[in-house]
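Notes to accompany the following structure.
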Amino acid sequence: DYVVVKMIPDNRLPPRHLHSVHTGKTFAVIKWESPYDSPDQDMLYAVAVKDLVRKTDKIYKVKTRNSTVEYTIKKLEPGGKYHVIVQLGNMSKESSVKISTVPLSAPDALKIITESDHILLFWKSLALKESNFNESRGYEIHMFDSLMNITAYLGNTTENFFKVSNLKIGHNYSFTVQARCLYSGQMCGEPATLLYDELGTGEDSSAAKTGRSTDVAAIVVPVLFLLLVTLGVGFVVLYTRHRRLQNSFTAFANSHYSSRLGSAIFSSGDDLGDEDDEAPMITGFSDDVPMVIA
């Protein structure tokens, strides 16, 4: 025997399993489940987005009957921090999650040009690849002195270059350029870093690693190629000598082969080079020639 019991839905329960699925520069995708399984009617959710940097609030309404809800929050700022609260429209218990959007990318092609008494930093405009960046926001530049272990803020600019003076001989510096930080340094872009040694040569850290690996490959590949060529030539020489010796021995054996005996006949070598070899062979004696015996 069995009995079916249908529980009365409790609309005071909070949404379940609220979490962030994906975040971009200007949006975030959140996901949650209804307070109870298989809702039999549309449920109205209130999604409150609190900007922790600007100290502002926005509320969105979502109406659905699905057990699993996925919602995209738009018009966010790159590098921002937000507190998202989801609850039913009747102001029941809430679920919350904190999210951070992706900051603006680092400027590309950061380079150094050395002058007589100063250096110039150059980089590409972020507006070329970031539609959310306005040149009026500008860039800020920092410098780290590795010898003194000091980081200094050099200033900001709306241009794509910056002049740095009063560098000390024998010091190593690291320069960073990024989209200017907003709201007391809470919303910044990713920094591009460039190393500058005491000899006055700028070197991008990522480019230096790539260059070193390229230099190693440029040395190793030719050496391996020469080794392979040398081995190939040596193999050809050995094979040619082997074939030549084999052919010489075959010709020598054929020249000493006796078809009557069915084998090759070789001399002992004692009479090789003897002058008498060229003398005619005595085949016999005539009866009318006297033989003199001493």
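The values are calculated or read from the model by the stated rules, or taken from the named source; none is laboratory data. A quick note: this is a predicted structure, and the numbers were derived from the prediction, not measured. Reconstructed Cβ throughout: ideal geometry from the backbone, glycine too, with neighbour counts over all protein chains shown. Accessible surface is based on the protein model in full, side chains and every heavy atom, while ligands, DNA and RNA are left aside. Shrake-Rupley method; radii C 1.70, N 1.55, O 1.52, S 1.80 Å.
Of all the C-alpha pairs in the range 16-100, what % are more than 15 Å from each other?
Values: 1946 of 3570 pairs.
The proportion of pairs with Cα distances above 15 Å equals 55 percent.
Our coupling estimate for the range 15-29, obtained by passing each phi through the Karplus curve with A = 6.51, B = -1.76, C = 1.60 and θ = phi - 60°, is x, 9, 6, 6, 7, 8, 8, 7, 10, x, 6, 10, 8, 8, 9 Hz, Gly and Pro reported as x.
Modelled this way, with points 7 Å down the Cα-to-C-beta line, the labels at HIS142 and VAL236 are 6.1 nm from one another.
Each of GLU115 and LEU13 was given a label point 7 Å from its Cα along the Cα-to-Cβ line. The distance between the two points is 7.0 nm. Cα centroids of the range 95-119 and the range 15-84: 30 Å apart.
Hull volume per residue, based on the alpha-carbon atoms of the range 78-197 and their convex hull, is 130 Å³.
Protein-only accessible surface at a 1.4 angstrom probe places the residues LYS74, LYS61 in the order LYS61, LYS74, largest first. For a paramagnetic label modelled on TYR183 (point 7 Å from Cα along Cα→Cβ), amide N atoms under 16 Å away belong, within the range 61-93, to 74-85. Taking other residues whose beta carbon is less than 15 angstrom from the beta carbon of TYR183, and scoring Lys, Arg as +1 and Asp, Glu as -1, yields +3.
About the centre of its Cα atoms, the range 16-100 shows a dipole size close to 440 debye [charges on the beta carbon of Lys, Arg (+1) and Asp, Glu (-1) only; nearest 20 debye].
For MET43, the residues whose amide H sits under 5 Å from its own are THR64, ARG65, ignoring neighbours fewer than 5 places away on the same chain, with H placed 1.01 Å from N. Label sites at LYS55 and VAL29, each approximated as a point 7 angstrom past Cα along Cα to Cβ, lie 3.5 nm apart. In loop segments of the range 1-57 as defined by DSSP, the trypsin sites (Lys or Arg not before Pro) with at most 10 further C-beta atoms inside 10 Å of their C-beta are LYS6, LYS55.
Straight-line reach only, C-alpha to C-alpha below 30 angstrom: list the lysines that LYS61 could link to, leaving out same-chain residues fewer than 8 apart. Cross-link targets: LYS6, LYS25, LYS31, LYS50, LYS74, LYS75, LYS81, LYS93, LYS98.
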